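Report on the following structure.
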Amino acid sequence: MNKRLREDFKVLQAIFKNAKNKKQKCLICEENSINSHLLQKNGILNLISTNSHITQIKGNDFFKAEKDGIISIKSIGINNAMSYPLFCNSHDTDIFAPIEIEEHNLNDYNSQLLFSYRSLCAEIRKKIINVDIFKRVNNSRQFAINTQFIDMAKSQVEANTMGIQDLNWYKNIMELEINNSNNNQDFIFEKIDFDFIPISASAVYTPINPEEHTLGFLKKSENILNYIFINLIPQKDKLSLIIGYHKSKSSKWILEYISSWKKLTQLDFELKLTDLFATKIETWAISPDFWKELKPENIKAFKEYWNKNANNLRITQNVNFNLFG
Ligand SMILES: [Zn+2]
């Protein structure tokens, strides 16, 4: 690495660190946010933990990817696992009280909505931090002469800002329902149960269909993209998938995708999970013991797929390995 590159790298690391460590406001009020758990410890994450740790698989941030590869696989204490600075203490406590109890009822619409709302908010937070990072890059004297890099930063700010706009559209509708200002039940959720596997996930996915979502379409900020909400929630004797969408933001692909999770053989289920983790969502967790049992060649295939397709959200992707096989 030459001197110039080394300096670039240092500045990027500082930008990244500052953006990550910046105190974030609650996504609802002006208070500072605490670390909110996407999935709670008691009754969910503790079911897949070993010595109070879980293995978290997470897409690495742009700058870290340089050093550690695009996907990071880490053992994390369950107090810090699957958590983001989302809400202040009182909003975090009050809003999610109905699902923080051990005996949460996953058949209940309101519970399904709350799990999905929290994963939506995490995606908003990730995008807010991305905007901050790329604005800092754009404003840094270090990169002023590197036009290609500045152009990339500008398009990242633009893309993340549009993503936040879309996500806020969903957030507002969800909040009206959560506050009981609107009893419409505008979201459609399905709960599908599987035999217990010690994994969990809480994420949103926006299916990109290359035929429909041209660059021109994606660049129009008035187009609100379809999002689906995906939660994999381990329970004592089963693993439940809660999957849903807003009823005016549906498509043939979404309906078929949701049906495709039903009535699966064990092998088909493993292949569906592999596809989900390789091509659709970037944050999930697995029991450390179970991770150790996976075949090294399958983990290698998974990592290699990620290195090539980390930013690929297209529905046309095809994986030809079984992470759990
Ligand atoms: Zn708040």
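Every read-out reported here was derived from the displayed coordinates using simple, explicitly stated rules and does not represent laboratory data. Note that this is a predicted model, so its numbers are computed, not measured. Using ideal geometry, Cβ is built from the backbone for each residue, glycine included, and neighbour counts are taken over all protein chains shown.
Taking the Cα centre of the chain as origin, work out the dipole magnitude from +1 charges on Lys and Arg Cβ and -1 charges on Asp and Glu Cβ, in debye rounded to 20.
Values: 41 positive and 37 negative charges, 298 e Å.
Dipole about the Cα centre, nearest 20: 1420 debye.
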>> Place a point 7 Å from the Cα of ARG314 along the Cα-to-Cβ direction; which residues of region 211-241 have their backbone N under 20 Å from it?
In response: 211-220, 225-228
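For the chain, list the DSSP H helices whose alpha carbon atoms reach 15 Å or more along the long axis and whose average Kyte-Doolittle value is -1.0 or above? Mind dumping the intermediate values first?
Working: long enough: 3-21 (27 Å, -0.87); 89-100 (16 Å, -0.56); 109-139 (45 Å, -0.23); 147-178 (45 Å, -0.29); 296-309 (20 Å, -1.71).
Qualifying helices: 3-21, 89-100, 109-139, 147-178.
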> Cα to Cα, under 20 Å, and not fewer than 8 places away if on the same chain: which lysines meet these conditions relative to LYS295?
Replying inline: LYS58, LYS74, LYS272, LYS303
>> Run the numbers for MET152 and ASN179: contour at 0.36 nm per residue of separation, minus the present Cα-Cα distance, in nm.
In response: 5.8 nm
>> How much length would be gained if the chain were fully extended between THR161 and LYS295, taking 0.36 nm per residue of separation minus their Cα-Cα distance, in nm to one decimal?
In response: 44.3 nm
> Among ILE73, PHE149, PHE217, which residue has its Cα positioned farthest towards the positive end of the charge dipole of the chain, with +1 placed on the Cβ of Lys and Arg, -1 on the Cβ of Asp and Glu, and the dipole taken about the Cα centre?
Replying inline: PHE149
> How large are Rg and Dmax for region 200-325 when only the alpha carbon atoms are used, in Å?
Replying inline: 15.5, 47
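Per DSSP helix of 4 or more residues, -39500 (n - 2.57); summed, then divided by the residues of the chain. What does that give at 222 nm, rounded to the nearest 500?
After summing the helix terms and dividing by residue count, I get -14500 deg cm²/dmol.
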> Label ASN2 and SER90 with points 7 Å out from Cα along Cα→Cβ: what is the distance between them in nm?
Replying inline: 5.7
> ILE145 label point, 7 Å along Cα→Cβ, cut-off 12 Å on backbone N: hits in region 1-24?
Replying inline: 4-5
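Counting only Cα atoms, I'd like the Rg/Rh figure for the chain, Kirkwood definition for Rh. Walk me through the numbers on the way to the answer.
Working: Rg = 19.7 Å, Rh = 20.8 Å.
Using only Cα positions, Rg/Rh for the chain is 0.95.
Quote to one decimal, in nm, the extra length available between SER260 and SER52 on full extension: 0.36 nm per residue of separation minus the C-alpha distance between them.
Stretched out fully, the SER260 to SER52 stretch lengthens by 71.5 nm.
Taking Cα pairs under 8 Å and at least six residues apart, what relative contact order does the chain come out at, in percent?
Numbers: 491 pairs, mean separation 65.0, N = 325.
Here the relative contact order equals 20 percent.
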